[in-house]
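Below is one structure, written out as structure tokens; the observations come after it.
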């Protein structure tokens, strides 16, 4: 179904709003993908914070103007499915990588992060980025490790001085005698 001018403007505005806030973009060829496969991918995309949209490349090129995905304009060729990560950078890469395992028709064509265009093979790199929860856990471990090392060092010094808490108690007993 062909879109009229106002519908095209709405699509461009919606896509531009998503692109302005997105963390990454993966564009994939999808020709030959079944309706049930696309439905399953869309459901998982909603659950993982990925905005999926099939849109004409000319409209997508207009939508990414002025965003960090403007670098992709010359690479938008052929029928493409656009996957924007809206919550964390690796989400779109993980989604596409997972569905490409069971659907050889899904072929990554464009990967963009932080204003940089990468080859399609970088979907693997993008997919390997930690989730937000994993990143927070890594930061928490990194912040907790110096305190844990300090506590172990204090305990080791106390143990070397004769058992830690026992030494002050023995000195107090000797003074009263």
Q) Across the range 19-48, what is the number of residues that are more than 15 Å from residue 99 (Cα to Cα) and buried (at least 17 other Cβ atoms within 10 Å of the Cβ)? A) 5
Q.
Being part of a strand (DSSP E or B) and over 19 Å from the mean Cα position of the chain (by Cα) is the filter here; which residues of the range 97-114 pass it?
A. 107
**Q.** Filter result for residue 151 (at pLDDT 80 or above and within 30 Å of residue 9 (Cα to Cα))
**A.** no
Q: Could you identify the single residue in 70, 145 that is more than 19 Å from the chain's Cα centre (by Cα) and modelled with pLDDT of 90 or more?
A: 70
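Looking at 153, 147, 112, which is the one that is surrounded by 13 or more Cβ atoms within 10 Å (Cβ to Cβ) and either without any contact (Cβ under 8 Å) to a residue 12 or more places away in the chain or closer than 27 Å to residue 43 by Cβ (or both)? Outline the logic, then answer.
Numbers: 153 fails: surrounded by 13 or more Cβ atoms within 10 Å (Cβ to Cβ); 147 fails: surrounded by 13 or more Cβ atoms within 10 Å (Cβ to Cβ).
One residue alone meets the criteria, 112.
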Q.
Filter the range 1-48 down to the residues that are out of contact with any strand residue (DSSP E or B) (no Cβ under 7 Å at 6 or more places or on another chain) and not in a helix (DSSP H, G or I) and list them by number.
A. 1, 2, 3, 4, 31, 32, 33, 34
Q.
Tell me whether the range 76-91 contains one or more residues that are crowded, with 16+ Cβ neighbours inside 10 Å and either outside the structural domain of residue 57 (by TED's automatic domain parsing) or in a helix (DSSP H, G or I) (or both).
A. yes
Q: Please verify whether the range 119-135 includes one or more residues that are more than 30 Å from residue 37 (Cβ to Cβ), at pLDDT 75 or above and either in the same structural domain as residue 92 (by TED's automatic domain parsing) or under 16 Å from the mean Cα position of the chain (by Cα) (or both).
A: no
**Q.** Odd one out for residue 45, checked against (1) modelled with pLDDT of 90 or more; (2) under 18 Å from residue 20 (Cα atoms)
**A.** (2)
Q.
Take the conditions surrounded by fewer than 18 Cβ atoms within 10 Å (Cβ to Cβ), free of Cβ contacts under 8 Å to residues at least 40 places away in the same chain, out of contact with any strand residue (DSSP E or B) (no Cβ under 8 Å at 6 or more places or on another chain) and closer than 22 Å to residue 19 by Cβ and apply them to residue 73. Does it pass?
A. yes
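The values are calculated or read from the model by the stated rules, or taken from the named source; none is laboratory data. Nothing here was measured: the structure is a model prediction, and the numbers come from that model. All Cβ positions, glycine included, derive from the backbone under ideal geometry; neighbour counts span all protein chains shown.
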